[in-house]
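One structure is given below, encoded as C-alpha coordinates.
The values are calculated or read from the model by the stated rules, or taken from the named source; none is laboratory data. On a predicted model such as this, the values are computed, not experimentally measured, just so you know. Note that we place each Cβ from the backbone using ideal geometry, even for glycine, and neighbour counts take in every protein chain shown.
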Amino acid sequence: MRFSLISAVFLVGTAFAQAKLPAKAPCKQDGSMGICESGLCVQTSPEAAGSCK
(Lines give C-alpha, C1' and ligand atoms only; values in the text may rest on other atoms or scores of the structure.)
Protein backbone atom coordinates (compact mmCIF):
# COMPACT_ATOMS: atom_id res chain seq x y z
CA MET A 1 0.00 0.00 0.00
CA ARG A 2 2.77 2.45 0.88
CA PHE A 3 4.68 1.60 -2.28
CA SER A 4 1.71 2.35 -4.53
CA LEU A 5 1.06 5.66 -2.74
CA ILE A 6 4.71 6.69 -3.03
CA SER A 7 4.88 5.72 -6.70
CA ALA A 8 1.65 7.61 -7.46
CA VAL A 9 3.01 10.76 -5.80
CA PHE A 10 6.27 10.37 -7.72
CA LEU A 11 4.50 10.02 -11.07
CA VAL A 12 2.30 13.05 -10.45
CA GLY A 13 5.31 15.07 -9.37
CA THR A 14 7.29 14.25 -12.49
CA ALA A 15 4.31 15.12 -14.68
CA PHE A 16 4.13 18.60 -13.14
CA ALA A 17 7.90 19.09 -13.30
CA GLN A 18 8.23 18.61 -17.05
CA ALA A 19 9.99 21.51 -18.73
CA LYS A 20 7.89 23.52 -21.13
CA LEU A 21 9.01 24.60 -24.58
CA PRO A 22 10.15 28.23 -25.01
CA ALA A 23 8.79 30.61 -27.67
CA LYS A 24 9.72 29.77 -31.30
CA ALA A 25 10.58 26.17 -30.38
CA PRO A 26 9.26 23.45 -32.70
CA CYS A 27 6.07 21.80 -31.45
CA LYS A 28 3.07 19.72 -32.48
CA GLN A 29 -0.52 20.57 -31.59
CA ASP A 30 -1.07 17.12 -30.09
CA GLY A 31 1.67 17.81 -27.51
CA SER A 32 3.86 14.90 -28.60
CA MET A 33 6.94 17.17 -28.80
CA GLY A 34 6.18 18.93 -25.51
CA ILE A 35 3.93 21.72 -24.29
CA CYS A 36 4.62 25.38 -25.06
CA GLU A 37 5.06 27.81 -22.15
CA SER A 38 2.27 29.97 -23.56
CA GLY A 39 0.09 26.95 -24.33
CA LEU A 40 -0.13 28.01 -28.00
CA CYS A 41 1.41 25.89 -30.76
CA VAL A 42 0.73 27.23 -34.25
CA GLN A 43 0.85 24.43 -36.83
CA THR A 44 -0.75 24.49 -40.27
CA SER A 45 -1.96 21.23 -41.77
CA PRO A 46 0.78 20.65 -44.41
CA GLU A 47 3.61 21.25 -41.91
CA ALA A 48 5.08 18.36 -39.94
CA ALA A 49 5.72 20.66 -36.95
CA GLY A 50 4.71 24.15 -35.92
CA SER A 51 6.24 26.66 -33.54
CA CYS A 52 5.44 27.94 -30.07
CA LYS A 53 4.09 31.48 -29.86
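Points worth noting:
- Taken over region 37-46, the criterion of being at pLDDT 90 or above and farther than 8 Å from Ala23 by Cβ is satisfied by Gly39, Leu40, Cys41, Val42, Gln43, Thr44, Pro46.
- Residue selected from region 8-36 under the condition among the β-branched types (Val, Ile, Thr) and modelled with pLDDT under 90, by the criterion farthest from Ser51 (Cα to Cα): Val9
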